[in-house]
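The values are calculated or read from the model by the stated rules, or taken from the named source; none is laboratory data. Predicted model, so just to flag it, every value in this text is computed and none were measured. Using ideal geometry, Cβ is built from the backbone for each residue, glycine included, and neighbour counts are taken over all protein chains shown.
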Amino acid sequence: MIAASARIHPLSVVEDGAVIGENVAVGPFCHVGPNVVLGDEVELLTHVVVTGRTTIGRGTRIFPSAVIGGDPQSIHHGGEDTTLTVGERNTIREGVTMNTGTAGGGGKTVVGDENLFLAYSHIAHDCILGNNIILSNNVMLAGHVTVEDRAILGGGSAVHQFARVGRHAFVGGLSAVAYDVIPYGMLNGNPGILGGINVVGMSRSGMDKATIHRVRRAFKEIFEGEGSIRNNAAAIREEYADCVPAMHILDFIAVDSDRALSSPNRGKA
């Protein structure tokens with residue numbers, strides 16, 4: 001079904017079965033598969049492939065040579081009917097690739113709203129991404145990665161499968177993210193070392209200085225205390241119960257994860 005207001009260039013192919021919303025613009029040399037849903041006001045500039053069982057949310061713009069909804073790059077994928085869901089008002093730049101999920105990983109890849117994916121960044125199968133995230137050029141997310149709201153990943157950084165990157169975290173360019181990165185954390189290097197708290201990002205988000213100082217103090221108590229990181233985090237929960245950002249960190253640490261925690265010491269804890 002193609003809305004009457006949609007503009008489809010005659011040199012593009014929209015297969016039967018695709019759902020094309022109001023005011024969608026499909027430029028020349030694009031290919032839209034039969035199981036694709038393009039929400040209202042989506043724009044495919046040129047030479048864009050949207051395939052698989054893929055849904056693209058309202059107002060998302062996709063630039064040339066992006067391939068969205070391709071099969072997962074997994075030896076375990078047997079052609080099962082899996083999905084990719086991309087939210088609203090995302091900007092997907094040149095050469096970006098996003099894959100559908102795998103049956104063994106939950107069957108879905110999910111991308112939130114208002115994210116910026118710079119050229120040639122890659123989102124693998126079964127990744128779950130929040131909102132207002134920036135992936136710089138050539139960022140690579142392996143399968144089953146979780147990236148929370150407002151995280152920023154620098155150019156050429158790579159995230160190991162099943163790793164988590166917490167909200168407002170900052171990952172430096174060319175860094176190797178082998179282990180989970182706490183919310184508001186800053187990680188750099190290969191192997192990635194947790195260098196402290198993302199004070200600049202916290203300030204830009206409107207967080208007041210008193211709160212930032214409390215989060216920095218919590219960070220020191222967690223990672224420089226005498227006990228293990230998880231025990232240190234558990235011990236200070238009551239003290240920081242009224243500090244939302246600190247609780248984001250403590251809750252993140254408390255969750256069972258397939259990966260260890262990045263730390264200031266040798267990269268993991």
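Listing for the model above:
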| item | result |
| --- | --- |
| Tabulated pairs, the stretch 241-264, first free of Cβ contacts under 8 Å to residues at least 12 places away in the same chain and farther than 17 Å from GLN161 by Cβ, second hydroxyl-bearing (Ser, Thr, Tyr) and crowded, with 19+ Cβ neighbours inside 10 Å, C-beta under 7 angstrom, 6+ apart or interchain | MET247/TYR240 |
| The listed residue being assigned by TED's automatic domain parsing to the domain that holds PHE63, touching a Ser or Thr at 6+ places or on another chain (Cβ under 8 Å), more than 20 Å from LEU84 (Cα to Cα) and hydroxyl-bearing (Ser, Thr, Tyr), out of SER136, SER175 | SER136 |
| Some residue of the stretch 34-45 being in contact with a Phe, Trp or Tyr (Cβ under 6 Å, 6 or more places away or on another chain) and without any contact (Cβ under 8 Å) to a residue 24 or more places away in the chain | yes |
| Unmet criterion (only one of (1) surrounded by 24 or more Cβ atoms within 10 Å (Cβ to Cβ); (2) closer than 21 Å to TYR179 by Cα; (3) of a type in the set (Val, Ile, Thr)) for ILE62 | (2) |
| Those residues of the stretch 166-186 which are farther than 17 Å from ASN138 by Cα and part of a strand (DSSP E or B), in sequence order | ASP180, VAL181, GLY185, MET186 |
| Residue match in the stretch 67-84 (condition: under 17 Å from VAL50 (Cα atoms), touching a His at 6+ places or on another chain (Cβ under 8 Å) and either assigned to a strand (DSSP E or B) or not assigned by TED's automatic domain parsing to the domain that holds VAL48 (or both)) | no |
| Lone qualifier among HIS76, HIS9 - being at pLDDT below 95 and either at negative phi or out of contact with any helix residue (DSSP H, G or I) (no Cβ under 6 Å at 6 or more places or on another chain) (or both) | HIS76 |
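Here's the yes/no breakdown for (1) part of a helix (DSSP H, G or I); (2) surrounded by fewer than 16 Cβ atoms within 10 Å (Cβ to Cβ):
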residue	(1), (2)
ASN132	no, no
ASP149	no, no
HIS213	yes, yes
LYS220	yes, yes
ALA234	yes, yes
GLU239	no, yes
